[in-house]
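Structure first, then comments.
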Amino acid sequence: MTRSPAPGGAHPRGTDPGDDLRPFRSVRAWVFDLDNTLYPLSSNLYAQIEDRIRAFIATRLGVGAEEAAHLQVDFHIRYGATLRGLMIEHGVSPDEFLSFVHDVDHSVVAPDPALAAVIPRLPGRRYILTNGSRVHAERVLKRVGIEAPFDGIFDIVWAKHTAKPLAAVYEQLVAETGATGDEVAIFEDLARNLAVPRQLGMTTVMVLPPGTRPLFYGRWDLESGADREADFLTEDLAGFLQAVLATLETP
């Protein structure tokens with residue numbers, strides 16, 4: 001499968017009408033990130049979660065707001081998820097943390113009928129892979145309207161409290177699904193979470209906030225790593241999946 005070009009080249013495939021979507025013909029496992037992927041960043045649901053994470057750190061570790069924000073980012077970078085850093089360095093209970101940070105207003109997520117209609121039509125099996133909790137995922141999916149079509153929700157507890165982008169998470173995914181290489185398509189809003197899947201030969205799709213695609217024609221694509229890790233970019237996940245299905249249905 002042809003991969004996206006090296007930095008300085010043309011943009012990855014999937015950003016323009018008529019791009020070649022035939023790599024999806026081999027896919028039998030469709031793996032979706034949850035936050036800011038199956039619902040838009042503009043809902044600000046994840047902003048609520050981040051506020052709760054910082055509040056948890058401030059209270060649990062007895063630090064100020066500025067230090068809590070610093071620790072949140074530091075743990076996220078070094079461990080893949082803030083929770084893992086708190087567990088390793090401060091012995092925090094994962095259940096306590098997950099219950100607190102996901103106690104947010106999920107009603108800000110609007111139903112997405114187009115996405116709810118297209119995901120069940122994808123051939124093969126469909127999964128959620130999230131660094132969040134299963135309860136949080138179920139609440140989000142209920143709001144979006146696409147809870148039934150998924151064959152599995154792989155959360156941070158399932159991953160034994162490791163987190164994307166660590167290779168162990170994707171190795172466990174392969175072991176669980178039995179799907180490898182180009183049999184897997186993975187959809188993410190973070191380029192760094194696509195690096196290992198791409199190394200494993202999976203088809204990688206980065207879901208962008210609406211209106212941000214032009215940034216990928218300038219310097220931001222080089223800084224984000226999306227040009228290296230994403231085979232496809234899209235601002236419209238439902239529309240992209242509809243195009244994929246049209247390709248799959250064409251002899």
When you scan region 183-200, how many residues do you find that are without any contact (Cβ under 8 Å) to a residue 40 or more places away in the chain and either over 20 Å from GLY80 (Cβ atoms) or of a type in the set (S, T, N, Q) (or both)? 1
In region 206-221, is there at least one residue being surrounded by 15 or more Cβ atoms within 10 Å (Cβ to Cβ), closer than 22 Å to PHE24 by Cβ and at pLDDT below 65? yes
Between a first residue in region 33-50 that is closer than 20 Å to ALA69 by Cα and a second residue that is buried (at least 17 other Cβ atoms within 10 Å of the Cβ) and among the polar types (S, T, N, Q), which pairs have beta carbons less than 8 Å apart while being 6 or more apart in sequence or on different chains? ASP35/THR130; TYR46/ASN36; GLU50/GLN72
So, in region 53-84, how many residues would count as being surrounded by fewer than 16 Cβ atoms within 10 Å (Cβ to Cβ) and either under 25 Å from ARG143 (Cβ atoms) or aliphatic (A, V, I, L, M) (or both)? 6
Residue pairs within 8 Å by beta carbon, gap of at least six or interchain, first lying in region 154-182 and at positive phi, second charged (D, E, K, R) and in a helix (DSSP H, G or I), listed first then second, are HIS161/ARG84
For a quick check of your reading of the model, give me the residue pairs whose first member lies in region 80-92 and is modelled with pLDDT of 95 or more, whose second is β-branched (Val, Ile, Thr), with beta-carbon atoms closer than 8 Å and at least 6 apart or on different chains. LEU86/ILE57; LEU86/VAL92
For region 139-147, check the following and say yes or no: at least one residue is more than 30 Å from ARG60 (Cα to Cα) and modelled with pLDDT under 95. yes
Go over the candidates LEU241, LEU190, LEU173 one by one and state the one that is crowded, with 19+ Cβ neighbours inside 10 Å, modelled with pLDDT of 95 or more, within 20 Å of SER133 (Cα to Cα) and aliphatic (A, V, I, L, M). LEU173
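The values are calculated or read from the model by the stated rules, or taken from the named source; none is laboratory data. From a predicted model like this one, the values you see are computed outputs, not experimental measurements. Glycine also receives a Cβ, built like all others from the backbone with ideal geometry; neighbour counts cover every protein chain displayed.
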